[in-house]
Amino acid sequence: MSPTDRKVAVVAIGGNSLIKDSKHQTVEDQYQAAKETTYHIADMIESGWEVAIGHGNGPQVGFILRRSEIAARYEGMHELPLDVCGADSQGAIGYALQQNLQNWLFQHKINKNVATIITQVLVDRDDPAFQNPSKPIGGFMAEIEAKRRQEEMGWSVVEDAGRGWRRVVASPLPKEVVELDTVKALLAAGVVVITVGGGGIPVVDPGDGNYRGIAAVIDKDYASSLLAQSVNADLFLISTAVEKVALNYGKPDQQWLDRLTLSEAKRYLAEGKHFAKGSMAPKIQAIIWYLEAGGKHAIITNPENIGRALRGETGTHVLPG
């Protein structure tokens, strides 16, 4: 295939692709879930797509933070900063995806390499999200512990529905994929790239060109959208828990959507009643940004239907217009 014939897809996989339910959360469970997901993506690769994979990491970062908290409480060990937890999770999740995908390609005699990039994503320190941290992370604390951490460590803490106190951090918008040139070079060389894991490790530029990690969480669909725009992807595919997007989801007048135009997607999102704020709404917004930047085609579907969606048999397809 010549470079001009190369088709590039960015695939964003959700947490359901890595943790099926509360009873299957071990490392081995996650590895097996990653195996299932990569098999569906491998079908894309076999049919000629060059693929960059983004993924969620919410539960995994929560596990890392919890282990750190327990180790600090009972063994006096240092606690891990949130940006380091994000880097840890990128490496571990990338390893599971990378190994499973590489094994599949080898077994099917497809000569392609897979690489995980520990990816930083630049955010704006003046992003309004930092004035209103809202993303809960880590375990529950007693009020006295939460207030101590607020005073001594500068944490933002909130009481969580009577269950205890939790730390909250900002969820700023992604501005730039720091390792973008590396990602582009790998894609051009035919390497499958796993990148912007968990939305990327949030970093800021203090003004002297030296990036610094910051305690924040970037939406993985927003970061994957930025990546898709930045590599001029022919396809932006979001793999999630449902086969298709629906209007009035879960209500008696629920309506499954096979096709959406950009203008329709913007209208439905603006109406504010169709897409849940913490689940489908960010996915629709991510696709809107991708298409507004010149993107050609976006799909939302679940992992097991990726192949059928690519053939136009299912999924919700969002197109310019």
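A short reminder: the numbers here are calculations on the coordinates, not readings from a lab. Owing to the predicted nature of the structure, the values given are computational and were not obtained by experimental measurement. Here the Cβ positions follow ideal geometry from the backbone for every residue, glycine too, while neighbour counts run over all protein chains shown.
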Check your understanding: For region 163-321, max minus min Cα coordinate along each principal axis, in Å, sorted largest first?
Key -> 54, 49, 28
Check your understanding: Modelled label-to-label distance, Glu152 and Lys35, 7 Å Cα→beta-carbon offset: nm?
Key -> 4.4 nm
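Tally Lys and Arg at +1 and Asp and Glu at -1 over the other residues with C-beta under 12 Å from the C-beta of Val123: what net charge comes out? Working shown, then result.
Numbers: positive: Arg125, Lys175, Arg212; negative: Asp83, Asp124, Asp126, Asp127, Glu176, Asp205, Asp219.
Surrounding charge for Val123 is -4.
Would you order Val27, Val51, Val169 from fewest to most other beta-carbon atoms within 10 Å of each residue's own beta-carbon?
Numbers: Val27 11, Val51 24, Val169 21.
So the residues, fewest neighbours to most, are Val27, Val169, Val51.
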Revision key, fill the gap. Over the chain, the sum of -39500 (n - 2.57) across DSSP H runs of at least four, divided by residue number and rounded to 500 deg cm²/dmol, gives at 222 nm -12500 deg cm²/dmol
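Just want the ordering: Tyr222, Tyr211, from fewest to most Cβ atoms lying within 10 Å of their own Cβ. Display every interim value, and only then the final one.
Values: Tyr222 23, Tyr211 14.
So the ranking, lowest neighbour count to highest, is Tyr211, Tyr222.
Using DSSP to call loops (not H, G, I, E or B), can you name the trypsin sites (Lys or Arg not before Pro) in region 1-94 whose Cβ has at most 13 other Cβ atoms within 10 angstrom? Could the numbers behind the result be given before it?
Working: sites: Arg6, Lys7, Lys20, Lys23, Lys35, Arg66, Arg67, Arg73; in loops: Arg6, Lys20, Lys23.
Here the sparse-neighbourhood loop sites are Lys23.
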**Study point:** Extension gain (nm, one decimal) between Asp253 and Ala142, 0.36 nm per residue minus Cα-Cα
**Key:** 35.7 nm
Review point. Across 10 Å bins from the origin, how do the percents of Cα pairs in region 239-296 run, short distances first?
Key: 22, 60, 17, 1
Point to revise | Principal-axis tilt of helix 280-292 within the chain, Cα atoms, nearest 10 degrees | key: 50 degrees
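For region 1-85, report the translational diffusion coefficient in µm²/s to the nearest whole number, using Stokes-Einstein at 37 °C, 0.692 mPa s, and a Kirkwood Rh over Cα pairs. Can you show the working numbers first?
Details: Rh = 15.3 Å.
Once the numbers are plugged in, D ends up at 214 µm²/s.
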Practice item. Order by neighbour count: Thr38, Thr240, fewest other Cβ atoms within 10 Å first, most last. Key: Thr240, Thr38
Study note, to complete from the structure: With bins of 10 Å, the percent of all Cα-Cα pairs of region 100-235 per bin from 0 is 11, 32, 28, 18, 10, 2
Exercise for review: Run the quick spin-label model on Ser22 and Thr182: label points 7 Å from Cα toward the beta carbon, then report their separation in nm to one decimal.
Suggested key: 3.8 nm
Practice item. Return the Rg/Rh value of region 210-270, two decimal places, where both radii are evaluated on C-alpha atoms and Rh is the Kirkwood radius. Key: 1.08
Point to revise | C-alpha long axis of helix 262-271 to longest principal axis of the chain, angle in ° | key: 30 degrees
Exercise for review: Just list whichever of Lys175/Lys296; Lys175/Lys277; Lys220/Lys283 have alpha carbons separated by over 19 Å in the model shown.
Suggested key: Lys175/Lys296; Lys175/Lys277
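Given a Förster distance of 25 angstrom, what is the FRET efficiency for Asn103 paired with Glu304, based on the Cβ-Cβ distance and rounded to 0.05?
Working: r = 19 Å, r/R0 = 0.77.
E(calc), rounded to 0.05, equals 0.85.
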Point to revise | Tilt relative to the chain, helix 143-153 - C-alpha long axis, 0 to 90 degrees, to 10 | key: 80 degrees
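May I ask for the percentage of alpha-carbon pairs in region 1-151 that lie more than 25 Å from each other? Don't jump to the answer; show the numbers that get you there.
On the way: 4937 of 11325 pairs.
Of all Cα-Cα pairs in region 1-151, 44 percent lie more than 25 Å apart.
What number of lysine-lysine pairs in region 1-156 show an alpha-carbon separation below 20 angstrom, given a sequence spacing of 8 or more or placement on distinct chains? Numbers along the way, then the final one.
Working: Lys7/Lys112; Lys20/Lys35; Lys23/Lys35; Lys35/Lys109; Lys35/Lys112; Lys135/Lys147.
Taking the Cα cut-off of 20 Å, the pair count is 6.
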Check your understanding: Where Rh is the Kirkwood radius over the Cα pairs of the chain, the temperature 25 °C and the viscosity 0.890 mPa s, what D in µm²/s does Stokes-Einstein return?
Key -> 120 µm²/s
Exercise for review: Using label points projected 7 Å from each Cα along Cα→Cβ, tell me how many nm separate Lys277 and Ile118, to one decimal.
Suggested key: 3.5 nm
